[in-house]
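The next block holds one structure in the form of C-alpha cells; read it before the comments.
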Amino acid sequence: MLVSFSYRQRGSVIERLDARARWIFSILLLFTIVIFWDIRFLLFFLALGLGQYFAAQLTWSETRRAWTFILVLMTLMVVVNTLITGSGTIASVADDGYPVWQFNTRLPLFGWQINFALTAERLWFALTQYVRVIAISALFIVVPFTMNPRSYGATFRGMGLGDRLAFSFDLAFRFVPTLARDFSITLDAQRARGYEVERVKGGIIAQIRRVAPLLVPVTMNAIIGGEDIINAMDLRCFGLRKRTWIEALSYHWYDYVWIGFAVFLFVGSLVLRYVYQIGDFWIPPGLIP
Amino acid sequence: MEKKSLWAFGTREVVFAAIGAALYGVLSFATNWAQIPAAGNVAIRPAVVIPLFFGIAFGPWVGLITGFLGNVLGDLLSGYGFWLWWSLGNGVMGFVTGLIAGGMTTFKSGAEILKAEIMVVVGVAAGMFLASVSEIFVSGVTFATTLSINFLPAFISNIVNGLILTPILMVAYAAVSARAGR
C-alpha cells in the first residue's frame with residue numbers, strides 16, 4: 001500500500017504565503033461565512049474560496065474525490081432537510097411560505113393525514129445551504145494539496161501552541177510513512193498465513209472481529225516501538241528547554257496583508273450582521289408573487 | 001501496574017499521541033483502500049477504535065490528540081480537506097474515554113473492560129453529538145436532519161466498532177505492557 005500526502009510543490013501564489021497566515025485567513029473566513037444566510041454575501045465568499053482554489057493551481061482530477069464526497073453528503077443533507085424534516089434553522093423558512101408544489105394524502109392503514117407543501121423559501125434556503133457549504137469547502141480543500149506536511153509542527157508552534165504539543169503534531173506526520181509500511185507488511189504476513197482480507201462472511205460483528213488480526217499487531221508494534229522512542233527522547237532531555245525548529249517560518253509584507261484582509265472581512269461582517277442586522281436569510285422578491 | 005497521573009503531558013504522552021494520530025490516520029485511509037469487509041462493504045470504520053483505546057491506555061490528552069489529529073491526517077491523506085468540527089468530535093471521543101485512564105491497571109479484568117465499554121459509549125455519543133450539532137451552525141440543517149443524517153450513522157458504526165475492538169486491544173495491550181514492564 002502506498003500512503004502519501006497529496007502535497008506537491010506547484011510554485012503557486014498561495015504556496016508563497018506563510019502557512020500561519022493561511023491558517024489564520026481560513027479559520028477567520030470560516031467564522032465569517034457561518035454568520036451569513038444571505039446568498040449575496042455567500043456568493044462573494046464562494047468567489048473568494050474559488051479564487052484561492054484556482055490560484056493554488058489545483059486540477060479537477062486531483063480534487064474530484066473530495067468534491068464528490070462533499071456534494072453527495074451535502075445533497076443528502078439538503079434533501080432530507082428540505083423535503084422530510086421540514087425546513088432550515090432560520091425562522092422565516094420554517095414559517096408558512098409561498099407553495100411551489102403541494103399534496104395532501106391520507107395513509108390508508110393508519111388514517112394519518114399528510115399535508116406537504118414545498119415552498120419557494122425552502123427551495124431558496126436549500127440553494128443557500130449549497131453555496132455556503134461549497135464556499136467553506138473551497139476554502140479548506142486546498143490545504144492538503146498546497147501545505148507541506150513537514151512544516152505543520154513549526155506552523156502550529158508559530159501560532160502559539162506549546163512545544164510539546166507542536167512536537168507531537170510534527171512527529172505524527174513523520175510516523176505516517178513508517179506505520180503505513182508496517183501495515184502493508186502485516187497485511188502481507190497475515191495473507192501468507194491464510195487471512196483473506198477481501199472475504200465477506202458472517203454478520204457485522206464477525207466481520208469487525210476479522211479486522212483484529214490486522215489491527216492488533218500493527219497497533220501493538222507501534223506501541224512497543226514508541227517505548228524505544230520515549231527512551232531515546234528522555235535520554236536527550238526532551239522538554240527541559242525551549243526547542244528550535246528546522247523549518248524556519250518568517251512573515252513577509254504580503255502575509256500581513258493576507259491576515260489583515262481576513263481580519264477586515266471578519267470584523268466588517270460582525271458589524272454588518274450584528275450592528276446593522278444585514279445578512280440574514282434573503283430571498284429575491286421576484287420569486288414570491 | 002502503578003497508577004498514572006491522568007493530566008500529565010510528558011515525553012510519553014507526546015510520543016503516544018503522535019503514534020495514535022498517525023495510526024488513526026493511516027488505518028482510516030487504509031481500511032477504505034483495502035476494502036476490508038467491515039469497512040468497505042458496510043461503510044463502517046474499524047480504525048475508530050484507535051482514539052478510543054489510546055484514550056483509555058494513555059489518558060485524555062493522548063485520546064484528544066489521537067482523535068483530532070488522526071482525523072485531520074486521514075482527511076489529508078484522502079485529500080478531503082480540513083473539517084475542524086468533525087476532527088474535534090473525534091478528539092472528544094478519545095478525550096472522554098481517557099478520563100478513566102488513571103484507574104486502569106490490568107487492562108484485562110472484567111471490571112476494567114466493562115468500565116472501558118461504558119466510556120466507549122459515552123465518548124462516542126459525546127464526540128459525534130458535538131460534531132453533528134456543529135452542522136446546524138455550518139450547514140443550517142435542523143436538529144432532526146443532523147440527528148438522522150450525521151449523528152445516528154456515525155454513532156452506531158463507531159459504537160459497534162468500539163465495543164467489539166476495544167476489549168481486544170486492551171487484552172493485547174495488557175500482555176505487551178506486562179512484557180515491557182511499564
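A short reminder: the numbers here are calculations on the coordinates, not readings from a lab. Since we're looking at a predicted model, the values are computed, not measured. Ideal geometry is used to build each Cβ from the backbone, glycine not excepted, and the neighbour counts take in all protein chains shown.
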Completion exercise
Row for region B:102-179, column shape: gyration tensor on C-alpha, a ≥ b ≥ c, rounded if a/c < 1.5 i.e. under 1.5, prolate if a/b over b/c, else oblate; value prolate
Handout entry: Added length on full extension, which subtracts the Cα-Cα distance from 0.36 nm per residue, A:Q277 to A:L43
Key = 82.4 nm
Practice task
For region B:96-109, just list the computed ³J(HN,Hα) in residue order, Karplus coefficients 6.51, -1.76 and 1.60, θ = phi - 60°, integers in Hz, with x standing in for Gly and Pro.
Solution key: 5, 5, x, 5, 9, 4, x, x, 8, 10, 9, 6, 9, 6
Practice task
Kindly write out, for region A:120-127 in residue order, the coupling ³J(HN,Hα) from the Karplus curve 6.51 cos²θ - 1.76 cosθ + 1.60 (θ = phi - 60°), rounded to whole Hz, with x marking Gly and Pro.
Solution key: 4, 5, 5, 5, 5, 5, 4, 5
Completion exercise
Per-residue ellipticity at 222 nm attributable to helices in the protein assembly as shown (runs of n ≥ 4 DSSP H, -39500 (n - 2.57) apiece, nearest 500 deg cm²/dmol) works out to -21500 deg cm²/dmol
Completion exercise
For the B:A144, A:V263 Cβ pair and Förster radius 60 Å, calculated FRET efficiency rounded to 0.05 is 0.95
Exercise for the section: Please report, in debye to the nearest 20, how large the charge dipole of the protein assembly as shown is about its Cα centre when each Lys and Arg carries +1 at its beta carbon and each Asp and Glu carries -1 there. Expected result: 920 debye
Practice task
Report, as an integer, the average count of C-beta atoms from other chains found within 10 Å of each Cβ along A:173-183.
Solution key: 6
Exercise for the section: Could you work out how far helix B:49-58 tilts from the main Cα principal axis of chain B, as a 0 to 90 degree angle to the nearest 10? Expected result: 40 degrees
Problem - Principal axes of chain B: Cα extent on each, largest first, Å - result: 50, 31, 30
Exercise for the section: Could you work out how far the C-alpha centroid of region A:25-58 sits from that of region B:60-104, in angstrom? Expected result: 26 Å
Handout entry: Sites A:I35 and A:M220 - FRET efficiency at Förster radius 51 Å, r taken between beta-carbons, to 0.05
Key = 0.60
Exercise for the section: Would you kindly derive the ³J(HN,Hα) couplings of region A:11-24 from the backbone phi angles with the Karplus curve 6.51 cos²θ - 1.76 cosθ + 1.60 (θ = phi - 60°), listing them in order in whole Hz, with x for Gly and Pro? Expected result: x, 7, 4, 4, 5, 6, 6, 5, 4, 5, 4, 5, 5, 4
Fill in the blank from the handout: Amide H proximity to A:T119 below 5 Å, modelled H, separation 5+ or other chain, gives A:V100
Handout entry: Shielding of A:241-254 by partner chains, average beta-carbon count, 10 Å
Key = 0
Practice task
Sketch the reach of a paramagnetic label on B:V171 as a point 7 Å from Cα along Cα-to-Cβ, and name the residues of region A:151-187 whose backbone nitrogen lies under 14 Å away.
Solution key: none
Exercise for the section: Mind pulling the angle between the C-alpha long axis of helix A:60-79 and the longest principal axis of chain A? Nearest 10 degrees, somewhere in 0 to 90. Expected result: 50 degrees
Practice task
Once you have a ≥ b ≥ c as the square roots of the Cα gyration tensor eigenvalues for region A:127-189, tell me rounded if a/c is under 1.5, and otherwise prolate or oblate according to whether a/b is larger than b/c.
Solution key: oblate
Problem - Model label zone, B:A126; criterion: amide N under 11 Å from point 7 Å along Cα-to-beta-carbon; scope region A:160-198 - result: none
Fill in the blank from the handout: Expressed as a whole-number percentage, the relative contact order of chain A with C-alpha contacts under 8 angstrom and at least six residues apart is 34 percent
Completion exercise
Here FRET efficiency (C-beta to C-beta, A:R10 to A:L270, R₀ 41 Å, nearest 0.05) is 0.75
Completion exercise
Rounded to the nearest 10, the angle in degrees between the Cα long axis of helix B:60-78 and the longest principal axis of the Cα atoms of chain B comes to 50 degrees
Handout entry: Most positive-pole-ward Cα, B:P51, B:F137, B:G10, against dipole of chain B from beta carbon charges
Key = B:G10
Handout entry: Other protein chain Cβ atoms within 10 Å, averaged over every residue that makes up B:142-148
Key = 6
Practice task
Take the alpha carbon gyration tensor of the protein assembly as shown, find the square roots of its eigenvalues, order them as a ≥ b ≥ c, and report rounded if a/c is under 1.5; if not, report prolate when a/b exceeds b/c, else oblate.
Solution key: oblate
